[in-house]
Amino acid sequence: MKLVAFRIQNFRSVVDTGWLELSHDNITSLIGQNESGKTSILEALKAFHEGVLIEDMLRSDLSLPKVSCRFSFEQKELENRVDLKRIDPEVKKLIASLDNMTIIREWEDDMDSFMAMGEELQEIYDETRDQIRKREMKVVRNLEKLAADIEEAGNSAKKAQDEHEWTREKVETVRLRINELRRNMRKFTSRDNKEQYKKEMQQEEEMLEKLNKTLEQKKIKLEEKQDILAALGEKKDASGRLDELIQQVADKKNELAEAQEQLREILQMTGMYPTEKEQRAAEMKEEILRTDIEQLKEEVVHLQQEYDTRLLAMEFVFDGITLDSALKAAEKETESRNKFYSSRELADEIFKITPDFELFEDFGSLLPNRIELEDIIRANKRAEGYKAAINFLTITGLEYSFFQQPSSRILKQKIENLNGEITLNFQDFWRQNVGKNNKIKINFELSHYDHTNPEKSGKPFIEFWIKDEQERLYPKQRSRGVRWFLSFFLELKATAMDKSQQNKVLLIDEPGVSLHARAQEDVLKVFDDIREKIQIIYTTHSPHLIDVNKLYRILAVQRAIEDDMKSETVVFSARALRSATADTLSPIYSTMGARLSQQEIIKSSNNVIVKDIASYYFLKAIVALTGSEKECYFLPASGIDSMSMMVNILIGWGLEYVILNFGNAEERNVHETLRKDLFDNKIDLAGKQMVLMDEYMDVEDMFSTIDFKKYVVQVREGITVRNSEYLKDNNFSRAVLASNFLQEVNNGNVTFEKLDEESRENLNQFVERLSALLK
């Protein structure tokens, strides 16, 4: 996979860079003043790769960073490295139609981060997520409503209980009354009294019957209310675990944040401990903390998954299913859902096959005076110069077993041979001499600590030397420029040689800051030597680190308000350099000399680059003939091979331009090359600044053969081939004929009305097409 573009949001002075494309030839240069934000861009890319964020990377408003990287890829890369069975069929179908994919890393309040797929796939994932979220929100609303429902059901049940109790008491009262009437009937023998009691008793019995029916209804209603209350109580009990899980997740996240803070404090102290013992103790504590952090992260994920499953189960509970059945249904659905990667899981998998991003830094990347073999074996990355030493060993092809050679004579001979080989390799790129003729040489040797260092006595270490014919000095005793270039050379060559590292983006901050101008040019030479194997993004102020013929490599970085270092960082692509300030573009100006935008020949806009002076004369004549209303400034290159240089000059000075080519093979090739270099083969974008008149082999072919014979070559014989072929076959000078034709047009001897219909139609169509790109 290859990094093709990036976007940085909320990182130090950067609010939003927008999408920025990298150079197609793997070398991208960030130019700009100090404090413009160049280094922040490199550190943001490093943070994307490592996921590590420190507080001083946050903006003052504490908005959280988000870094997006877009990668080109081949389908076979995914087939070989990603479990395609775990990709949702819809997502897999969409991936099959893509050649670029975006991965986003976003940070959260606890300074931890997550990755997700970018815009190409996110719509599908968003749709699925939104559906799940709707269901979850419905459950949450039901849970919020549950307390009110329980209270209401409790009140209803109490009311039903009271009504049931009142009716039952009323029934008992009526029964007592009936029993009393029966006793009275037996007491009194008078017919009239008996009839009266009988009538009253009948009324009471009717009342009792009604009350019994009412009591039964009240009983049923009470039981219904009690069932509702019990069901709501079960839902409440079922949801109780959710509250526990929410609290447990919060507690674990707090533990995680504390462990991460402790780890950050240890990392900030790296290399600052006064004794080796304290350093080792810190390393052990770091190792324990890293283990704890990973365990805490796993626990958080596990608790969150349990919460999600429980929440889903509550949806089924609210539908009337028992908790046990609901949990089984939720687990089954979750298992089905987890068969496919989520957006975050797929991003994690694809991230594994993206290039490594490595920032070339002084502490680990500069060659040390010495490094202990124990640090090499233990892969102690905190050891000073560890990375440079590993690079050195990679280039020489050495492994630890090499230093276990029992014969010291054979070992010394092998080391001497290797010293000669790496010196020759280095001198291919370092062209500087020490003094008049001396070229520096690189040496290393195996030594052991003696009794003067009792704690380490007998321990082996590798010692490095940079020597010339006069003296042998440690790397730190040499100039910073020499030491930096040597370490830089080791980094790039080691990466290029190690196939496992070739999928890499190397980030370099100010590579030429300590180097002489010629040595800075050597840096570019090394870049070009290894760019097919690794990508390079570097910052610079130096004109010697800019290839004036390849300004498509440039990204210009500056503050939104030129004199306000607190304003946000903005970045301009090579196509938009005209929007950058003069101070931002000063390295380009220094490379090119005086500012072209201050002269009178080339204008700020409507410049049309053509291949040669003959085309220039013909086109000037055509514009004059057609009476085009738009101003147009044709700029002739000195030949087809010089068109790229003309384009780069105008880009460098921030001037607008249009590139005009015709359909012959040479111009087609130039058109295709510039379209790739400047617009990454994006036809729509290129169409705004490039015109290919592919129906005509050359500009003169826009005239009919009759008009061309009559007004340009002025011969009697008929022309039976293309006008351009006729000129070549008969050895005519295009420049002379074109110049004479322009003079005839300017003198009024040739007018548009005199041309035939074919010529007029062709010229009008051409001018209309060209004018569409002019202001």
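The values are calculated or read from the model by the stated rules, or taken from the named source; none is laboratory data. Since the model is a prediction, treat every value here as computed from it, not as a measurement. As a convention, Cβ positions derive from the backbone with ideal geometry for all residues, glycine included, and neighbour counts pool all protein chains shown. Surface areas here come from the heavy atoms of the whole protein model, side chains and all, with no ligands, DNA or RNA. Shrake-Rupley method; radii C 1.70, N 1.55, O 1.52, S 1.80 Å.
Here are some notes:
- Selection over the stretch 660-679 of residues that are open to solvent by less than 70 Å² (accessible area, probe 1.4 Å) and either of a type in the set (Asp, Glu) or farther than 26 Å from residue 722 by Cβ (or both) gives a count of 4.
- Qualifying residue in the stretch 154-172 (condition: open to solvent by 50 Å² or more (accessible area, probe 1.4 Å), under 60 Å from the mean Cα position of the chain (by Cα) and either closer than 30 Å to residue 311 by Cβ or modelled with pLDDT of 70 or more (or both)): yes
- Any hit, the stretch 477-494, residues being touching an Asp or Glu at 6+ places or on another chain (Cβ under 8 Å), in a loop (DSSP other than H, G, I, E, B) and either at pLDDT below 85 or hydroxyl-bearing (Ser, Thr, Tyr) (or both): no
A quick yes/no check of all residues on (1) at pLDDT below 90; (2) farther than 22 Å from residue 694 by Cα; (3) not charged (D, E, K, R):
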residue	(1), (2), (3)
620	no, no, no
628	yes, no, yes
631	yes, yes, no
638	yes, no, yes
645	yes, yes, yes
648	yes, yes, yes
652	yes, yes, yes
655	yes, yes, yes
660	no, no, yes
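- Candidate set from the stretch 644-659 (those that are hydrophobic (A, V, I, L, M, F, W, C) and in a strand (DSSP E or B)); member that is surrounded by the most Cβ atoms within 10 Å (Cβ to Cβ): 659
- Taking first residues from the stretch 9-27 that are in contact (Cβ under 8 Å) with a residue 12 or more places away in the chain and farther than 18 Å from residue 73 by Cα and partners that are open to solvent by 20 Å² or more (accessible area, probe 1.4 Å) and part of a loop (DSSP other than H, G, I, E, B), the Cβ contacts under 7 Å between residues at least 6 apart in sequence or on separate chains come to 10/59; 10/63; 10/64; 12/59; 13/568; 14/568; 15/568; 27/531.
- Any hit, the stretch 445-458, residues being touching a helix residue (DSSP H, G or I) at 6+ places or on another chain (Cβ under 6 Å), open to solvent by less than 20 Å² (accessible area, probe 1.4 Å) and at pLDDT 80 or above: no
- Residues being modelled with pLDDT of 80 or more and of a type in the set (Asp, Glu) - total across the stretch 514-532: 3
- Filtered by the rule that a residue be among the charged types (D, E, K, R) and modelled with pLDDT of 90 or more, the stretch 687-728 gives 688, 694, 695, 698, 700, 701, 707, 709, 710, 722, 725, 728.
- Checking each residue of the stretch 7-18 against the condition of being open to solvent by 30 Å² or more (accessible area, probe 1.4 Å), part of a strand (DSSP E or B), in contact with a Pro (Cβ under 7 Å, 6 or more places away or on another chain) and closer than 30 Å to residue 127 by Cβ gives at least one match.
- The test for being out of contact with any Ser or Thr (no Cβ under 9 Å at 6 or more places or on another chain) and open to solvent by 30 Å² or more (accessible area, probe 1.4 Å) does not hold for residue 483.
- Which numbered condition residue 682 misses (of (1) free of Cβ contacts under 8 Å to residues at least 24 places away in the same chain; (2) open to solvent by 20 Å² or more (accessible area, probe 1.4 Å); (3) under 17 Å from residue 551 (Cα atoms)): (3)
- Residue within the stretch 595-606 that is in contact with a strand residue (DSSP E or B) (Cβ under 8 Å, 6 or more places away or on another chain), modelled with pLDDT under 95 and open to solvent by less than 10 Å² (accessible area, probe 1.4 Å) present: no
- Tally of residues being in contact (Cβ under 8 Å) with a residue 40 or more places away in the chain and either of a type in the set (Gly, Ala, Ser) or more than 30 Å from residue 749 (Cα to Cα) (or both) across the stretch 625-646: 4
- Taking the stretch 60-102 as the range and being closer than 19 Å to residue 14 by Cα and open to solvent by less than 70 Å² (accessible area, probe 1.4 Å) as the test, the residues that pass are 63, 64, 65, 66, 67, 68, 69, 70.
- Among the residues of the stretch 660-685, those identified as basic (Lys, Arg) and either assigned to a helix (DSSP H, G or I) or closer than 13 Å to residue 611 by Cβ (or both) are 668, 675, 676.
- Some residue of the stretch 299-318 being open to solvent by 60 Å² or more (accessible area, probe 1.4 Å) and outside any helix (DSSP H, G or I): no
- Long-range neighbours under 7 Å by Cβ, at least six apart or interchain, first residue over 19 Å from residue 562 (Cβ atoms) and among the β-branched types (Val, Ile, Thr) within the stretch 572-599, second modelled with pLDDT of 80 or more and surrounded by 15 or more Cβ atoms within 10 Å (Cβ to Cβ): 591/543; 591/546
One line per residue, one yes/no per condition, for (1) under 38 Å from the mean Cα position of the chain (by Cα); (2) in a helix (DSSP H, G or I); (3) at pLDDT 85 or above; (4) on the phi < 0 side of the Ramachandran plot:
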residue	(1), (2), (3), (4)
353	yes, no, yes, yes
371	yes, no, yes, yes
380	yes, no, no, yes
403	no, yes, no, yes
416	no, yes, no, yes
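- Residues considered: 553, 518. Of these, the only one that is under 22 Å from residue 46 (Cβ atoms), of a type in the set (D, E, K, R) and either within 25 Å of the chain's Cα centre (by Cα) or exposed (fewer than 15 other Cβ atoms within 10 Å of the Cβ) (or both) is 553.
- The one condition in (1) closer than 30 Å to residue 632 by Cα; (2) of a type outside the set (Lys, Arg); (3) modelled with pLDDT of 85 or more; (4) under 22 Å from the mean Cα position of the chain (by Cα) that residue 535 fails to fulfil: (1)
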